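Chemist: My structure is below; once you've seen it, I'll send some questions.
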Amino acid sequence: MTNNMYQFVLNMWVFGKVTETQVNSYAAKGFITEQEAQQILATPQEAQ
């Protein structure tokens, strides 16, 4: 089952609404896993 928070943060990342620091802080707080954070950060963002 996909983590809903992972999907939310991924979408926010793709559309440039969160920074790398924010993604890492979500992992540190336990909202997403470290592996999920790395997957998100490896995903290309939309052109601004």
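What follows draws every value from the coordinates through simple rules; no lab data is involved. Predicted model only: the values in this text are computed from it and were never measured. Please note: Cβ atoms are built from the backbone with ideal geometry, for glycine as well, and neighbour counts cover all protein chains shown.
Chemist: So, in the range 1-37, how many residues would count as being part of a loop (DSSP other than H, G, I, E, B) and not hydrophobic (A, V, I, L, M, F, W, C)?
Modeler: Result for the range 1-37: 8.
Chemist: Test Val23 against the criterion of being more than 8 Å from the chain's Cα centre (by Cα) and touching a residue at least 12 places away in the same chain (Cβ under 8 Å), and give yes or no.
Modeler: Considered against the rule, which asks whether it is more than 8 Å from the chain's Cα centre (by Cα) and touching a residue at least 12 places away in the same chain (Cβ under 8 Å), Val23 comes out as no.
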